[in-house]
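Read the structure below first, then the notes.
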Amino acid sequence: MEHRDLGRTGLRVPVVGMGTWHTFNVRGEAARQNARAVVDMAFNVGINFFDSSPMYGEAERVLGETLQGRRERALVATKVWASTRSEAKSQVKRALAFFGDYIDLYQIHNLLNWRGHLLMLERLRNAGQVRAIGATHYSSAAFAELRQVMQTGRITAIQIPYNPLEREVEREILPLASDLGLGVVVMRPFAEGELMSRIPSEVELAPLQPFEVTTWSQALLKWILSDPRCHVTIPATRHPDHIAENAAAGEPPWFGAEERAFVARLAKRHS
Ligand SMILES: NC(=O)c1ccc[n+]([C@@H]2O[C@H](COP(=O)([O-])OP(=O)(O)OC[C@H]3O[C@@H](n4cnc5c(N)ncnc54)[C@H](OP(=O)(O)O)[C@@H]3O)[C@@H](O)[C@H]2O)c1
(Lines give C-alpha, C1' and ligand atoms only; values in the text may rest on other atoms or scores of the structure.)
Protein backbone atom coordinates (compact mmCIF):
# COMPACT_ATOMS: atom_id res chain seq x y z
CA MET A 1 0.00 0.00 0.00
CA GLU A 2 1.38 3.44 -0.91
CA HIS A 3 1.48 6.02 1.90
CA ARG A 4 1.27 9.79 1.45
CA ASP A 5 1.72 12.77 3.75
CA LEU A 6 -1.76 14.11 4.49
CA GLY A 7 -0.76 17.67 3.61
CA ARG A 8 0.65 19.54 6.57
CA THR A 9 -1.25 17.49 9.19
CA GLY A 10 1.86 15.54 10.20
CA LEU A 11 -0.10 12.32 9.51
CA ARG A 12 1.21 9.78 7.01
CA VAL A 13 -1.73 7.86 5.61
CA PRO A 14 -2.31 4.81 3.41
CA VAL A 15 -3.89 5.98 0.15
CA VAL A 16 -6.86 3.65 0.73
CA GLY A 17 -8.68 4.09 4.05
CA MET A 18 -12.20 3.19 5.12
CA GLY A 19 -15.46 5.04 5.84
CA THR A 20 -18.11 3.91 8.34
CA TRP A 21 -21.32 5.67 7.32
CA HIS A 22 -24.21 3.11 7.27
CA THR A 23 -21.79 0.17 7.30
CA PHE A 24 -20.82 0.59 10.99
CA ASN A 25 -24.14 2.00 12.18
CA VAL A 26 -25.12 -1.46 13.39
CA ARG A 27 -26.45 -3.15 16.52
CA GLY A 28 -26.38 -6.76 17.66
CA GLU A 29 -23.63 -9.31 18.10
CA ALA A 30 -23.57 -10.69 14.54
CA ALA A 31 -23.27 -7.23 12.96
CA ARG A 32 -20.55 -6.24 15.41
CA GLN A 33 -18.61 -9.39 14.67
CA ASN A 34 -18.87 -8.57 10.98
CA ALA A 35 -17.54 -5.05 11.67
CA ARG A 36 -14.62 -6.63 13.52
CA ALA A 37 -13.94 -8.94 10.55
CA VAL A 38 -13.91 -5.90 8.24
CA VAL A 39 -11.39 -4.10 10.47
CA ASP A 40 -9.28 -7.28 10.85
CA MET A 41 -9.07 -7.49 7.08
CA ALA A 42 -8.31 -3.76 6.84
CA PHE A 43 -5.28 -4.11 9.10
CA ASN A 44 -4.19 -7.25 7.21
CA VAL A 45 -4.09 -5.40 3.89
CA GLY A 46 -2.53 -2.17 5.18
CA ILE A 47 -5.64 -0.02 5.72
CA ASN A 48 -5.37 1.75 9.08
CA PHE A 49 -7.12 5.08 8.37
CA PHE A 50 -10.75 5.04 9.53
CA ASP A 51 -13.31 7.85 9.12
CA SER A 52 -16.40 8.23 11.30
CA SER A 53 -18.78 10.81 12.75
CA PRO A 54 -21.38 11.19 15.50
CA MET A 55 -23.81 11.69 12.61
CA TYR A 56 -23.41 7.99 11.70
CA GLY A 57 -25.43 6.62 14.63
CA GLU A 58 -23.56 3.74 16.29
CA ALA A 59 -20.57 3.91 13.94
CA GLU A 60 -18.09 5.68 16.26
CA ARG A 61 -18.91 3.31 19.11
CA VAL A 62 -18.67 0.20 16.91
CA LEU A 63 -15.40 1.38 15.34
CA GLY A 64 -13.99 2.10 18.80
CA GLU A 65 -14.90 -1.44 19.92
CA THR A 66 -13.23 -3.02 16.89
CA LEU A 67 -10.05 -1.04 17.62
CA GLN A 68 -9.79 -2.24 21.24
CA GLY A 69 -6.27 -3.49 21.86
CA ARG A 70 -4.92 -2.05 18.60
CA ARG A 71 -5.91 1.63 18.74
CA GLU A 72 -2.30 2.80 18.49
CA ARG A 73 -1.95 1.10 15.09
CA ALA A 74 -4.89 3.07 13.68
CA LEU A 75 -5.36 6.63 12.45
CA VAL A 76 -8.83 7.78 13.50
CA ALA A 77 -10.56 10.61 11.68
CA THR A 78 -13.86 11.59 13.22
CA LYS A 79 -16.02 14.70 13.32
CA VAL A 80 -17.89 17.16 15.44
CA TRP A 81 -21.43 17.66 14.12
CA ALA A 82 -23.23 20.02 16.45
CA SER A 83 -25.01 23.36 16.40
CA THR A 84 -24.23 24.20 20.01
CA ARG A 85 -21.05 24.27 22.02
CA SER A 86 -22.45 21.99 24.73
CA GLU A 87 -23.47 19.30 22.21
CA ALA A 88 -20.01 19.57 20.61
CA LYS A 89 -18.38 19.08 24.01
CA SER A 90 -20.46 15.94 24.68
CA GLN A 91 -19.53 14.56 21.26
CA VAL A 92 -15.83 15.13 21.93
CA LYS A 93 -16.11 13.48 25.36
CA ARG A 94 -17.74 10.40 23.82
CA ALA A 95 -15.24 10.21 20.95
CA LEU A 96 -12.24 10.49 23.27
CA ALA A 97 -13.69 7.64 25.35
CA PHE A 98 -14.20 5.48 22.22
CA PHE A 99 -10.74 6.15 20.78
CA GLY A 100 -8.24 5.94 23.64
CA ASP A 101 -8.29 9.62 24.64
CA TYR A 102 -6.94 11.06 21.38
CA ILE A 103 -8.15 11.70 17.83
CA ASP A 104 -5.74 11.80 14.89
CA LEU A 105 -7.88 14.03 12.66
CA TYR A 106 -10.85 15.92 14.10
CA GLN A 107 -13.06 17.37 11.36
CA ILE A 108 -15.92 19.85 11.44
CA HIS A 109 -18.75 17.94 9.78
CA ASN A 110 -20.63 19.80 7.04
CA LEU A 111 -19.09 23.04 8.35
CA LEU A 112 -21.81 23.14 10.99
CA ASN A 113 -21.04 26.03 13.39
CA TRP A 114 -17.39 25.92 12.29
CA ARG A 115 -16.48 29.27 13.81
CA GLY A 116 -17.68 28.08 17.20
CA HIS A 117 -15.94 24.70 17.04
CA LEU A 118 -12.52 25.72 15.72
CA LEU A 119 -11.40 27.22 18.99
CA MET A 120 -12.49 24.13 20.94
CA LEU A 121 -10.57 21.85 18.57
CA GLU A 122 -7.50 24.11 18.71
CA ARG A 123 -7.53 23.87 22.52
CA LEU A 124 -7.73 20.07 22.29
CA ARG A 125 -4.84 20.09 19.83
CA ASN A 126 -2.78 22.25 22.16
CA ALA A 127 -3.57 19.79 24.97
CA GLY A 128 -2.31 16.89 22.81
CA GLN A 129 -5.71 15.19 22.42
CA VAL A 130 -6.13 16.06 18.74
CA ARG A 131 -3.31 15.73 16.23
CA ALA A 132 -4.84 17.65 13.31
CA ILE A 133 -7.98 19.65 12.49
CA GLY A 134 -10.01 19.44 9.28
CA ALA A 135 -13.35 20.38 7.74
CA THR A 136 -15.74 18.44 5.52
CA HIS A 137 -18.66 19.06 3.21
CA TYR A 138 -20.45 16.73 0.82
CA SER A 139 -22.18 19.39 -1.28
CA SER A 140 -20.74 21.68 -3.92
CA ALA A 141 -23.27 24.31 -2.78
CA ALA A 142 -21.09 24.74 0.33
CA PHE A 143 -17.73 24.93 -1.45
CA ALA A 144 -17.54 28.76 -1.27
CA GLU A 145 -17.80 28.50 2.51
CA LEU A 146 -15.34 25.60 2.55
CA ARG A 147 -12.83 27.81 0.70
CA GLN A 148 -13.32 30.44 3.38
CA VAL A 149 -12.50 27.92 6.12
CA MET A 150 -9.47 26.65 4.17
CA GLN A 151 -8.17 30.21 3.91
CA THR A 152 -8.31 30.85 7.66
CA GLY A 153 -5.06 28.87 7.98
CA ARG A 154 -6.59 27.11 11.01
CA ILE A 155 -7.20 23.70 9.41
CA THR A 156 -4.72 21.39 7.73
CA ALA A 157 -7.08 18.94 5.96
CA ILE A 158 -10.37 18.81 4.09
CA GLN A 159 -12.73 15.96 3.23
CA ILE A 160 -14.64 16.27 -0.03
CA PRO A 161 -16.55 14.08 -2.53
CA TYR A 162 -14.69 13.19 -5.73
CA ASN A 163 -15.50 10.52 -8.31
CA PRO A 164 -16.06 10.53 -12.10
CA LEU A 165 -19.68 11.65 -11.61
CA GLU A 166 -18.89 14.38 -9.04
CA ARG A 167 -15.97 16.50 -10.24
CA GLU A 168 -16.86 19.93 -8.89
CA VAL A 169 -13.76 19.97 -6.60
CA GLU A 170 -11.51 20.12 -9.67
CA ARG A 171 -12.50 23.74 -10.33
CA GLU A 172 -11.40 25.48 -7.14
CA ILE A 173 -11.15 23.20 -4.11
CA LEU A 174 -8.31 20.88 -5.21
CA PRO A 175 -6.18 23.72 -6.64
CA LEU A 176 -6.60 25.73 -3.43
CA ALA A 177 -5.88 22.70 -1.22
CA SER A 178 -2.72 22.11 -3.19
CA ASP A 179 -1.63 25.78 -2.94
CA LEU A 180 -2.22 25.78 0.81
CA GLY A 181 -0.60 22.36 1.39
CA LEU A 182 -3.80 20.91 2.88
CA GLY A 183 -4.44 17.20 3.27
CA VAL A 184 -7.27 15.89 1.07
CA VAL A 185 -9.49 13.00 2.19
CA VAL A 186 -11.83 11.83 -0.58
CA MET A 187 -15.27 10.64 0.54
CA ARG A 188 -17.87 8.91 -1.61
CA PRO A 189 -15.46 7.29 -4.12
CA PHE A 190 -18.32 5.15 -5.46
CA ALA A 191 -20.95 7.93 -5.29
CA GLU A 192 -22.54 6.24 -2.26
CA GLY A 193 -22.63 2.96 -4.19
CA GLU A 194 -24.37 4.40 -7.26
CA LEU A 195 -21.24 3.78 -9.35
CA MET A 196 -21.31 0.12 -8.32
CA SER A 197 -24.86 -0.54 -9.46
CA ARG A 198 -23.94 -1.12 -13.12
CA ILE A 199 -20.47 -2.52 -13.52
CA PRO A 200 -18.42 -2.55 -16.76
CA SER A 201 -17.54 -6.00 -18.08
CA GLU A 202 -14.12 -7.65 -17.87
CA VAL A 203 -13.65 -6.96 -21.57
CA GLU A 204 -14.34 -3.25 -21.06
CA LEU A 205 -11.83 -3.14 -18.19
CA ALA A 206 -9.12 -5.05 -20.08
CA PRO A 207 -7.20 -1.88 -21.19
CA LEU A 208 -6.52 -1.21 -17.49
CA GLN A 209 -4.75 -4.54 -16.88
CA PRO A 210 -1.26 -2.99 -17.31
CA PHE A 211 -2.19 -0.85 -14.28
CA GLU A 212 -2.98 -3.96 -12.21
CA VAL A 213 -6.66 -3.07 -12.21
CA THR A 214 -8.93 -6.08 -12.45
CA THR A 215 -12.21 -4.78 -11.02
CA TRP A 216 -14.40 -1.70 -11.39
CA SER A 217 -13.91 -0.66 -7.76
CA GLN A 218 -10.15 -0.64 -8.32
CA ALA A 219 -10.54 1.42 -11.51
CA LEU A 220 -12.56 4.04 -9.61
CA LEU A 221 -10.18 4.20 -6.65
CA LYS A 222 -7.17 4.44 -8.93
CA TRP A 223 -8.92 7.20 -10.88
CA ILE A 224 -9.01 9.26 -7.65
CA LEU A 225 -5.56 8.37 -6.34
CA SER A 226 -3.86 9.07 -9.66
CA ASP A 227 -4.47 12.74 -8.87
CA PRO A 228 -1.56 13.49 -6.50
CA ARG A 229 -3.59 16.25 -4.82
CA CYS A 230 -5.72 13.47 -3.26
CA HIS A 231 -4.02 11.73 -0.35
CA VAL A 232 -6.47 9.09 0.92
CA THR A 233 -9.89 7.84 -0.13
CA ILE A 234 -12.33 6.15 2.25
CA PRO A 235 -14.70 3.65 0.60
CA ALA A 236 -17.20 2.09 3.00
CA THR A 237 -18.09 -1.60 2.89
CA ARG A 238 -19.66 -4.36 4.95
CA HIS A 239 -17.59 -7.05 3.21
CA PRO A 240 -14.05 -8.09 4.20
CA ASP A 241 -13.39 -9.30 0.64
CA HIS A 242 -14.32 -5.86 -0.71
CA ILE A 243 -11.78 -4.34 1.72
CA ALA A 244 -9.05 -6.51 0.21
CA GLU A 245 -10.18 -5.69 -3.33
CA ASN A 246 -10.16 -1.96 -2.58
CA ALA A 247 -6.77 -2.04 -0.88
CA ALA A 248 -5.23 -3.57 -4.01
CA ALA A 249 -5.89 -0.26 -5.81
CA GLY A 250 -3.50 1.52 -3.46
CA GLU A 251 -0.32 0.75 -5.39
CA PRO A 252 1.31 2.26 -8.47
CA PRO A 253 1.36 2.28 -11.46
CA TRP A 254 -0.97 5.27 -11.41
CA PHE A 255 -3.16 6.29 -14.34
CA GLY A 256 -2.17 9.05 -16.74
CA ALA A 257 -4.62 11.53 -18.31
CA GLU A 258 -5.63 9.01 -20.98
CA GLU A 259 -6.62 6.24 -18.56
CA ARG A 260 -8.47 8.71 -16.31
CA ALA A 261 -10.48 9.91 -19.29
CA PHE A 262 -11.19 6.28 -20.23
CA VAL A 263 -12.52 5.46 -16.72
CA ALA A 264 -14.63 8.64 -16.70
CA ARG A 265 -16.19 7.61 -20.05
CA LEU A 266 -16.96 4.13 -18.70
CA ALA A 267 -18.55 5.64 -15.58
CA LYS A 268 -20.79 7.88 -17.67
CA ARG A 269 -21.75 5.04 -20.00
CA HIS A 270 -22.78 2.87 -17.03
CA SER A 271 -24.53 5.52 -14.92
N1 LIG B 1 -21.79 10.28 1.54
C2 LIG B 1 -21.57 11.38 2.20
O3 LIG B 1 -22.27 12.41 2.03
C4 LIG B 1 -20.48 11.43 3.18
C5 LIG B 1 -20.40 12.54 3.88
C6 LIG B 1 -19.38 12.67 4.75
C7 LIG B 1 -18.48 11.65 4.91
N8 LIG B 1 -18.58 10.49 4.22
C9 LIG B 1 -17.56 9.45 4.48
O10 LIG B 1 -17.16 8.85 3.26
C11 LIG B 1 -17.32 7.42 3.37
C12 LIG B 1 -17.56 6.81 2.00
O13 LIG B 1 -18.70 7.33 1.37
P14 LIG B 1 -20.08 6.52 1.28
O15 LIG B 1 -20.15 5.56 2.40
O16 LIG B 1 -21.14 7.52 1.15
O17 LIG B 1 -20.07 5.77 -0.10
P18 LIG B 1 -19.03 4.98 -1.04
O19 LIG B 1 -17.84 4.57 -0.25
O20 LIG B 1 -18.87 5.80 -2.27
O21 LIG B 1 -19.89 3.71 -1.44
C22 LIG B 1 -20.24 2.75 -0.49
C23 LIG B 1 -20.86 1.58 -1.19
O24 LIG B 1 -19.91 0.97 -2.05
C25 LIG B 1 -20.00 -0.44 -1.91
N26 LIG B 1 -18.65 -1.02 -2.09
C27 LIG B 1 -17.52 -0.75 -1.42
N28 LIG B 1 -16.48 -1.46 -1.89
C29 LIG B 1 -16.98 -2.23 -2.89
C30 LIG B 1 -16.41 -3.19 -3.77
N31 LIG B 1 -15.10 -3.51 -3.74
N32 LIG B 1 -17.23 -3.78 -4.68
C33 LIG B 1 -18.55 -3.49 -4.75
N34 LIG B 1 -19.14 -2.57 -3.95
C35 LIG B 1 -18.37 -1.95 -3.02
C36 LIG B 1 -20.53 -0.70 -0.54
O37 LIG B 1 -21.32 -1.86 -0.55
P38 LIG B 1 -20.81 -3.24 0.16
O39 LIG B 1 -21.04 -3.06 1.63
O40 LIG B 1 -21.71 -4.25 -0.47
O41 LIG B 1 -19.37 -3.43 -0.19
C42 LIG B 1 -21.38 0.54 -0.26
O43 LIG B 1 -22.72 0.32 -0.57
C44 LIG B 1 -18.49 7.31 4.37
O45 LIG B 1 -18.62 6.02 4.90
C46 LIG B 1 -18.12 8.34 5.37
O47 LIG B 1 -17.12 7.85 6.25
C48 LIG B 1 -19.58 10.39 3.36
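The values are calculated or read from the model by the stated rules, or taken from the named source; none is laboratory data. What you see is a predicted model, and the numbers here were worked out from it, not measured in a lab. Heads up, the Cβs are rebuilt from the backbone with ideal geometry, glycines too, and the neighbour counts pull from every protein chain shown. Ligands, DNA and RNA are excluded from the accessible area calculation, which covers all protein heavy atoms including side chains. Shrake-Rupley method; radii C 1.70, N 1.55, O 1.52, S 1.80 Å.
Numerical summary
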read-out	value
For Ala177: the one exception among (1) closer than 20 Å to Gln107 by Cβ; (2) open to solvent by 50 Å² or more (accessible area, probe 1.4 Å); (3) small (Gly, Ala, Ser)	(2)
Pro200, sole failed condition from (1) under 29 Å from Asn110 (Cβ atoms); (2) modelled with pLDDT of 95 or more	(1)
Helices (runs of 4 or more DSSP H) lying entirely in region 20-134 (those with 1 or more residues that are open to solvent by 10 Å² or more (accessible area, probe 1.4 Å) and free of Cβ contacts under 8 Å to residues at least 24 places away in the same chain)	29-44, 85-98, 114-126
Residues of region 135-192 classified as assigned to a helix (DSSP H, G or I) and not hydroxyl-bearing (Ser, Thr, Tyr), total	23
Matching residues, region 20-40, being closer than 26 Å to Thr136 by Cα, touching a Ser or Thr at 6+ places or on another chain (Cβ under 8 Å) and not aliphatic (A, V, I, L, M)	Thr20, Trp21, Thr23, Phe24
Subset of region 193-215 (residues that are more than 19 Å from the chain's Cα centre (by Cα) and in a helix (DSSP H, G or I))	Glu202, Val203, Glu204, Leu205, Ala206, Pro207, Leu208, Gln209, Pro210, Phe211
Candidates Gln159, Gln151, Gln218 - the one that is open to solvent by 50 Å² or more (accessible area, probe 1.4 Å) and polar (S, T, N, Q)	Gln151
Neighbours by Cβ (under 7 Å, 6+ apart or cross-chain): first from region 242-256, closer than 13 Å to Phe43 by Cα; second more than 9 Å from the ligand (Cβ to nearest atom) and assigned to a loop (DSSP other than H, G, I, E, B)	Ile243/Val45; Ile243/Ile47; Ala244/Val45; Ala247/Met1; Ala247/Val45; Ala247/Gly46; Ala247/Ile47
Close pairs from region 148-159: first closer than 15 Å to Leu174 by Cβ and within 16 Å of the ligand (Cβ to nearest atom), partner part of a loop (DSSP other than H, G, I, E, B) and open to solvent by 10 Å² or more (accessible area, probe 1.4 Å), Cβ under 6 Å, at least 6 apart	Ala157/Thr9
Subset of region 237-253 (residues that are surrounded by fewer than 23 Cβ atoms within 10 Å (Cβ to Cβ), of a type in the set (Gly, Ala, Ser) and under 21 Å from His270 (Cα atoms))	none
Region 254-271, residues that are open to solvent by less than 50 Å² (accessible area, probe 1.4 Å) and either in contact with a strand residue (DSSP E or B) (Cβ under 8 Å, 6 or more places away or on another chain) or part of a helix (DSSP H, G or I) (or both)	Glu259, Arg260, Ala261, Phe262, Val263, Ala264, Leu266, Ala267
Residue match in region 224-235 (condition: within 16 Å of the ligand (Cβ to nearest atom), surrounded by fewer than 21 Cβ atoms within 10 Å (Cβ to Cβ) and free of Cβ contacts under 8 Å to residues at least 40 places away in the same chain)	no
Residue count, region 204-215 (criterion: open to solvent by 10 Å² or more (accessible area, probe 1.4 Å) and more than 14 Å from Ala267 (Cα to Cα))	7
Among residues of region 41-54, those that are within 16 Å of the ligand (Cβ to nearest atom) and either touching a Ser or Thr at 6+ places or on another chain (Cβ under 8 Å) or among the aromatic types (Phe, Trp, Tyr) (or both), counted	6
First in region 183-199 and more than 8 Å from the ligand (Cβ to nearest atom), second anywhere and open to solvent by 20 Å² or more (accessible area, probe 1.4 Å) and among the charged types (D, E, K, R), Cβ under 8 Å, 6 or more apart	Gly183/Asp5; Gly183/Arg8; Val184/Arg229
